[in-house]
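Here the structure comes first, spelled out in structure tokens, and everything after it is commentary.
The values are calculated or read from the model by the stated rules, or taken from the named source; none is laboratory data. Small disclaimer: the values here were computed from a predicted structure and weren't measured. Methodologically, a virtual Cβ is constructed for each residue, glycine included, from the backbone with ideal geometry; neighbour enumeration extends over all protein chains shown.
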Amino acid sequence: MKEGITMPVLSINRHRMKTDGVGVTTLVASYGCPLRCKYCINAGILKPEKLKLCKNMTPEELYDVLKIDDLYFQATGGGITFGGGESLIHSDFIARFREICRDKWNITLETSLNVPKENLLTVLPAVNDFIVDIKDMNPEIYEAYTGRSNDRVLENLSILIKEKSPEHIRIRVPKIPNHNGEEDLKKSVALLEKMGFTNIQVFPYVIREN
């Protein structure tokens, strides 16, 4: 494990239910993302001035802040959801955080999976549940919307379904205005089901231009 690990924490939202995982959860949002989505709903995480508002925290410091809700987490089976931005760019931090909180809390990751596979492999033993924002399975649609290839996403999806039970993976497939339609959504869902995913959520995207 690397020494001196920190993560730029942008916000900590306590006492959430039925949105970010099981039970009572606390959403920890971090700075940074490899994607440049046309209608990002959290575009602030890409702006340098926002980085000044972040607090660089060690896993130990974050644990000390979050442990105030330990009873809520243990009573409801809840815990921490790491979001962003892209949570998996902070994979070493998350792995270390699991060592500190041990198995008392459920850890959920919100991710696009567009990271090197090593990042995913680092957190697999540490994370209980994944919420994957897939955008679209079509490479051309994906790149047009995010500005990036989805090669890493497809590779990481294959790894994830082999290592985690489908009930611990929620796949989110948005209908993105001017980018994909009903037939595109059906094709994405069909490809995901063929891979073995069962918890697939299709929903209309909220437009918030950068």
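Among residues of the stretch 173-189 that are surrounded by 15 or more Cβ atoms within 10 Å (Cβ to Cβ), those with a Cβ under 9 angstrom from a residue that is small (G, A, S) and assigned to a helix (DSSP H, G or I), sequence gap 6+ or separate chain, pair up as V173/S188; H179/A144; N180/S188. The residue list T81, T146, T76, T122 contains one member that is under 22 Å from I12 (Cα atoms), of a type in the set (S, T, Y) and in contact with a Leu (Cβ under 9 Å, 6 or more places away or on another chain), which is T81. Just one of (1) in a helix (DSSP H, G or I); (2) surrounded by fewer than 21 Cβ atoms within 10 Å (Cβ to Cβ) fails for L53. It is (1).
Matching residues to (1) surrounded by fewer than 15 Cβ atoms within 10 Å (Cβ to Cβ); (2) modelled with pLDDT of 95 or more; (3) under 30 Å from E60 (Cβ atoms):
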position: P125; (1), (2), (3): yes, yes, yes
position: P139; (1), (2), (3): yes, yes, no
position: A144; (1), (2), (3): no, yes, no
position: S149; (1), (2), (3): yes, yes, no
position: L154; (1), (2), (3): no, yes, no
position: L157; (1), (2), (3): no, yes, no
position: L160; (1), (2), (3): no, yes, yes
position: K164; (1), (2), (3): no, yes, yes
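The set of residues in the stretch 190-210 that are loosely packed, with under 13 Cβ neighbours inside 10 Å and modelled with pLDDT under 95 comprises F203, P204, V206, I207, R208, E209, N210.
The listed residues are I159, I107, I171, I131, and the only one of them that is under 23 Å from Q74 (Cβ atoms), in contact with a helix residue (DSSP H, G or I) (Cβ under 7 Å, 6 or more places away or on another chain) and either outside any loop (DSSP other than H, G, I, E, B) or among the aliphatic types (A, V, I, L, M) (or both) turns out to be I107. Looking across the stretch 62-93, the residues that are in contact with a Pro (Cβ under 8 Å, 6 or more places away or on another chain) and either within 16 Å of L27 (Cα to Cα) or in a strand (DSSP E or B) (or both) come down to E86, F93. The residue of the stretch 15-30 that is nearest to E61 (Cα to Cα), among those that are at pLDDT below 95 and out of contact with any Gly (no Cβ under 6 Å at 6 or more places or on another chain), is H15. For the stretch 76-87, the criterion of a residue being more than 25 Å from L160 (Cα to Cα) and surrounded by fewer than 21 Cβ atoms within 10 Å (Cβ to Cβ) is satisfied by at least one position.
Residues in the stretch 19-32 that are assigned to a loop (DSSP other than H, G, I, E, B), in contact (Cβ under 8 Å) with a residue 40 or more places away in the chain and out of contact with any Cys (no Cβ under 8 Å at 6 or more places or on another chain): 5 in all. In the set F203, F197, only one residue is more than 17 Å from L88 (Cβ to Cβ) and either assigned to a loop (DSSP other than H, G, I, E, B) or of a type in the set (K, R) (or both); that residue is F197.
Among the residues here, L124 does not qualify as of a type in the set (A, V, I, L, M) and more than 19 Å from E167 (Cα to Cα).
Can you tell me which residue in the stretch 127-143 is farthest from I89 (Cα to Cα), limited to those that are aliphatic (A, V, I, L, M) and in contact with a Leu (Cβ under 9 Å, 6 or more places away or on another chain)? Per the criteria, the residue is M137.
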